[in-house]
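Structure, as structure tokens:
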Amino acid sequence: LAGREPETQAVMEWSWNHHFVLSANMHTGALVANYPYDGPNSGVYSACPDDELFMHISLAYADAHPNMASGGFSNGITNGAQWYAISGGMQDWNYVWEDDFDITLEQYDTKWPNANLLEQLWEENKESMIAYIEKVHSGVNGVILNSETGQPLNSDVIVTDINYIIKTDPENGDYYRLLTPGEYFISFHSIGYIPQEYQININNNSLELNINLVPDPD
């Protein structure tokens, strides 16, 4: 945290101390839903391991907005770096370090809209925000426990062919792995326990998959 502004430090510490799953940060100055990665080079698409998912949740916002699709970006969404590169952006921080799927919402073309536009902006973005929040139920979730004691485990949740690991909340052992509809192989790993793997089918509803990991006798 050293060298960063106090406000930046406060947000980083706040997000670090909570286990957010899905989030967004809001801006004005354009009309688009912007998703990771934000770098390294402007004008060059920079796909993260969950690129398909980020497009999916960004489209959920843009499609529910009355004007975003006509804001000058294809379907109302953009990859951050393809638009313009930045370093240290919030959406990359949340995804890389926090297991949190975060996008940047540019909600109005004018950078500093007048206060008398707030009611209009709320009406334009309300349904989009609800549609976006509902995407937290896209994928698989559950708790990972010790099969013998029932205690929550600090575990890794790994989806085959997606190079991104979700970790459980160490206090409760719960996990939320957002995924687009489709079939996946998902495995659960915790030091000192026998891993388990499952084939799952994700549709538009959330799949609950609770895991009891068996201690490894070796």
Can you tell me which residue is surrounded by the most Cβ atoms within 10 Å (Cβ to Cβ) among those in region 20-41 that are modelled with pLDDT of 95 or more and of a type in the set (Phe, Trp, Tyr)? 35
Restricting the first residue to region 106-123 and requiring it to be under 18 Å from residue 71 (Cβ atoms), which pairs with a second residue that is open to solvent by less than 70 Å² (accessible area, probe 1.4 Å) and part of a helix (DSSP H, G or I) meet a Cβ separation below 7 Å and a spacing of at least six or different chains? 107/121; 107/125; 108/121; 113/121
Out of all the residues in region 43-71, which are of a type outside the set (A, V, I, L, M), touching a helix residue (DSSP H, G or I) at 6+ places or on another chain (Cβ under 7 Å), part of a helix (DSSP H, G or I) and farther than 14 Å from residue 106 by Cα? none
Looking only at residues in region 175-210 that are part of a loop (DSSP other than H, G, I, E, B), at pLDDT 95 or above and among the hydroxyl-bearing types (Ser, Thr, Tyr), which one is surrounded by the most Cβ atoms within 10 Å (Cβ to Cβ)? 190
Restricting the first residue to region 141-168 and requiring it to be farther than 15 Å from residue 95 by Cα and in contact (Cβ under 8 Å) with a residue 60 or more places away in the chain, which pairs with a second residue that is charged (D, E, K, R) and open to solvent by 50 Å² or more (accessible area, probe 1.4 Å) meet a Cβ separation below 9 Å and a spacing of at least six or different chains? 141/208; 142/208
In region 28-37, anything in contact (Cβ under 8 Å) with a residue 60 or more places away in the chain and over 18 Å from residue 64 (Cβ atoms) is listed as 28, 29, 36
In region 182-217, how many residues are of a type outside the set (A, V, I, L, M) and under 22 Å from residue 53 (Cα atoms)? 15
Flag for residue 81 being at pLDDT 95 or above, part of a loop (DSSP other than H, G, I, E, B) and at negative phi: no
Residue check: is residue 213 open to solvent by less than 40 Å² (accessible area, probe 1.4 Å) and more than 20 Å from the chain's Cα centre (by Cα)? yes
If a residue has to be open to solvent by 40 Å² or more (accessible area, probe 1.4 Å), over 14 Å from the mean Cα position of the chain (by Cα) and at pLDDT 95 or above to count, how many in region 157-174 make the cut? 4
If I ask for residues that are open to solvent by 10 Å² or more (accessible area, probe 1.4 Å), part of a strand (DSSP E or B) and either among the aliphatic types (A, V, I, L, M) or under 19 Å from residue 46 (Cβ atoms) (or both), which ones from region 90-110 would you list? 104, 106
Which numbered condition trips up residue 74, out of (1) closer than 29 Å to residue 204 by Cβ; (2) crowded, with 17+ Cβ neighbours inside 10 Å? (2)
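The values are calculated or read from the model by the stated rules, or taken from the named source; none is laboratory data. None of the values given here were measured: they were computed from a predicted structure. Cβ sites come from the backbone with ideal geometry, for glycine too, and all protein chains shown count toward neighbours. We work out accessible area using only protein heavy atoms, side chains counted, and drop any ligands, DNA or RNA first. Shrake-Rupley method; radii C 1.70, N 1.55, O 1.52, S 1.80 Å.
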